[in-house]
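The values are calculated or read from the model by the stated rules, or taken from the named source; none is laboratory data. All values derive from a computational prediction rather than experimental measurement. Here the Cβ is made from the backbone with ideal geometry for all residues, glycine too, and neighbour counts use every protein chain on show. Quick note on the areas: whole protein, heavy atoms, side chains included, nothing else; ligands and nucleic acids left out. Shrake-Rupley method; radii C 1.70, N 1.55, O 1.52, S 1.80 Å.
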Amino acid sequence: MDQAEQFRQAYSLTTSGPEVKGVQKALIDEEWSEFHEAYHFKEEDEQLKELADLVYAVSYTHLTLPTKRI
């Protein structure tokens, strides 16, 4: 099981249905806010931790969005 699958399973997230994009955006928004706060007010190690969380959230979203076939 890859990390994206583990993440979805841990948080009971699905990759289909009308609510998926909203959940994905909310997750990215939350992680962005945490990174932004850390960037301005926390030490570098906390900044890096929050940046890693943001990258993970974006990766999760990217891996679950439907792909457009050419």
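Here are some notes:
- Gained length - Glu37 relative to Val20, 0.36 nm times residue gap less alpha-carbon distance: 3.5 nm
- Estimated at the nearest 10 Å², the accessible area of Lys49 is 100 Å² with a 1.4 Å probe.
- Neighbourhood net charge (15 Å Cβ-Cβ; Lys/Arg +1, Asp/Glu -1) for Glu43: -4
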